[in-house]
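Note sheet for the following structure.
The values are calculated or read from the model by the stated rules, or taken from the named source; none is laboratory data. A quick note: this is a predicted structure, and the numbers were derived from the prediction, not measured. Backbone-built Cβ (ideal geometry, glycine too); neighbour counts: all protein chains shown.
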Amino acid sequence: MIAHSGGPPVAMYLLPLGLSKSEYAGTTFMVFLVGNLVKAGPWLALVELSRQFLLLLVINLPVIVLGVWSGWRLHDRLDQVQVYRACYALLMVVALKLLWDGARGYALL
């Protein structure tokens, strides 16, 4: 939710639907899988495949695997109520951060 700019709007739409935790996770996965696949072609056409880029990719692969594994473990360990509480809590943190950034930016005008 925090790492992707579309996470909060998708969560705001899906959470009130009351999907099971597996349906919620699967729907969120599919939304971002399709969105990222649509963006992959144009992005790869623009990026310069340098040695530095490939090194950064290799460095990040273990972090990606760890993130997926951690999410899978949390999904198995948390029950429906805990998953929804965690999602709403993260959504609240993101909302407060965006409000703070907006208020700070407004004050600087």
Taking first residues from segment 4-15 that are under 13 Å from T27 (Cα atoms) and second residues anywhere that are modelled with pLDDT under 90, the pairs with Cβ under 6 Å that are 6 or more apart or on different chains are G7/M1; A11/M1
Filtering segment 74-109 down to residues that are surrounded by 10 or more Cβ atoms within 10 Å (Cβ to Cβ) and of a type in the set (D, E, K, R) yields R85, K97, D101
Scanning segment 40-73 residue by residue, those farther than 20 Å from F29 by Cβ and surrounded by 10 or more Cβ atoms within 10 Å (Cβ to Cβ) turn out to be F53, L54, L55, L56, L57
By residue number, the members of segment 16-39 that are surrounded by 10 or more Cβ atoms within 10 Å (Cβ to Cβ), free of Cβ contacts under 8 Å to residues at least 40 places away in the same chain and closer than 15 Å to V83 by Cβ are G18, L19, E23, G26, T27, T28, F29
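Would you list the helices (runs of 4 or more DSSP H) that sit entirely within segment 1-83 and hold 2 or more residues that are β-branched (V, I, T)? Working first, answer last.
Numbers: elements: 7-14, 21-46, 51-77.
Once the helices (runs of 4 or more DSSP H) in segment 1-83 are filtered for at least 2 residues that are β-branched (V, I, T), what remains is 21-46, 51-77.
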